[in-house]
Amino acid sequence: MIKLAGLGKVALESNFKKLDKPYKLNFAITYWCQSRCMTCNIWQFKPKGELSIDEIRTFAKKNTSFKWIELTGGEPFLRPDIVEIAKAFYENSKGLYILTMPTNSLCSHDLIVRRIKEMLDIGIPKIAITISLDGYRELHDKIRGVPGNYDRAITTFKKLHDLQKDYKNLYFVFGYTMSGYNEGQFQRTFDAVKNDIPYIKYKDFHMNLGQISSNYYGNSNLDMLAKRKSVADELETIISKRERGFGIIPRIEDTFLKKLAEYVRTDSMPMKSKSLDASLFLDSFGNIFPSIMWDQKVGNVRDIGYDLKNVWHGELANSIRDAIDNGKEPKQWTSCEAYQSITGNITSLIK
Ligand code: SF4
């Protein structure tokens, strides 16, 4: 509860001033991935020279302000030291409240469940897993390029449902990425999942929009975005069906979705970004970016003694911040960045 209050306090502060240090870290711990997604080129990378566990420990020791860490990939569970990484941040960022991570469900279920259990046993107050699922069986397997991937995702959900009986601080949802490849197919997907998991609810799906990003997905050569109007219509239908949750977190998620529909319909940022203020994106080679969506490198942790303070308030970072304030950041409304924007523009939660 104290750590949740700490996260709330700093998120509230970000409404009124620039923060001294970021509280959210989006960290791609590896670019290795066994998937073959049509929406993302990360699986084609053969990354060399990714940050070692010792380097990550040094980074975690020198940067202790994080209250929310997203460990993403590639497929994060391909890193055999994922638990050590979580531990390094938990031991150093004393206010760490939540650790989030996606999975494509392609590692063995035993490994995924064991690693999550080990992370839960560390004592992190909340762990949230997003299980990628972009369509019903044939569609998901086609978009992801791996036969059997739909069934694996369903099994992951069921196994985490079992694990949750022993760990009340475990949360998980399906992550549905909307793109031109699954346009108009959400309801059919939901009905298929309901067949396999009768207790599934609409709110068990987290919706995302397929994004183009050269510094993260490496997919600026792809033409995969869906037609704006039909995505906005589909999102609004989903919003109308979602079961209502209570408390601040469901409220933030509802706002994220409503603003996503607005973003898609209007092609404009729903609110002021908090990139490079509340948060940053760190790639697996140590490069620092404002967000997953902007190929504007701020530095590399290997060149600054792994200490963000050596670059966070420097000339380059400040000029990027000015550009963000002046609306020059590429438009984005992604889960990695939007929540900091929502809580840093608190009036958005009142509307
Ligand atoms: S979207 Fe995720 S699972 Fe698919 S290739 Fe990219 S990193 Fe891998």
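The values are calculated or read from the model by the stated rules, or taken from the named source; none is laboratory data. These numbers come from a predicted model, not from an experiment. Neighbour counts are summed over all protein chains in view; Cβ atoms, including those assigned to glycine, are modelled from backbone coordinates with ideal geometry. Heads up: the accessible areas ignore ligands, DNA and RNA and are worked out on the full protein's heavy atoms, side chains in. Shrake-Rupley method; radii C 1.70, N 1.55, O 1.52, S 1.80 Å.
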### Message
Out of E243, E234, E262, I need the residue that is buried (at least 19 other Cβ atoms within 10 Å of the Cβ) and more than 18 Å from the chain's Cα centre (by Cα). Which one?
### Response
E234
### Message
Tell me the residue from S284, S291, S273 that is closer than 25 Å to G8 by Cα, touching a strand residue (DSSP E or B) at 6+ places or on another chain (Cβ under 9 Å) and part of a loop (DSSP other than H, G, I, E, B), please.
### Response
S291
## Note on the structure
Out of (1) in contact with an Asp or Glu (Cβ under 8 Å, 6 or more places away or on another chain); (2) more than 14 Å from the ligand (Cβ to nearest atom); (3) part of a helix (DSSP H, G or I), the one H140 does not meet is (2)
### Task
Confirm whether T64 is open to solvent by less than 30 Å² (accessible area, probe 1.4 Å) and of a type outside the set (D, E, K, R).
no
### Task
Taking the residues in the range 164-180 that are touching a strand residue (DSSP E or B) at 6+ places or on another chain (Cβ under 6 Å) and more than 16 Å from the ligand (Cβ to nearest atom) as candidates, determine which candidate is least open to solvent (accessible area, probe 1.4 Å).
L170
### Task
Hey, could you check the range 196-211 for residues that are under 21 Å from A232 (Cα atoms) and not in a loop (DSSP other than H, G, I, E, B) and say which is most open to solvent (accessible area, probe 1.4 Å)?
K203
### Query
Which members of the range 276-297 meet the condition of being polar (S, T, N, Q) and open to solvent by less than 10 Å² (accessible area, probe 1.4 Å)?
S279, S284, S291
### Query
Which one of these does S108 not meet: (1) of a type in the set (G, A, S); (2) at pLDDT 95 or above; (3) open to solvent by less than 30 Å² (accessible area, probe 1.4 Å); (4) more than 16 Å from K3 (Cα to Cα)?
(3)
## Note on the structure
Scanning the range 112-137 residue by residue, the ones that are within 16 Å of the ligand (Cβ to nearest atom) and either open to solvent by 30 Å² or more (accessible area, probe 1.4 Å) or of a type in the set (F, W, Y) (or both) total 1
### Message
Suppose the filter is at pLDDT 95 or above, crowded, with 22+ Cβ neighbours inside 10 Å, within 16 Å of the ligand (Cβ to nearest atom) and on the phi < 0 side of the Ramachandran plot; does L71 pass it?
### Response
yes
### Message
I'd like the full set of residues that are surrounded by 18 or more Cβ atoms within 10 Å (Cβ to Cβ), more than 9 Å from the ligand (Cβ to nearest atom) and not basic (K, R), limited to the range 39-57.
### Response
E50, L51, I56
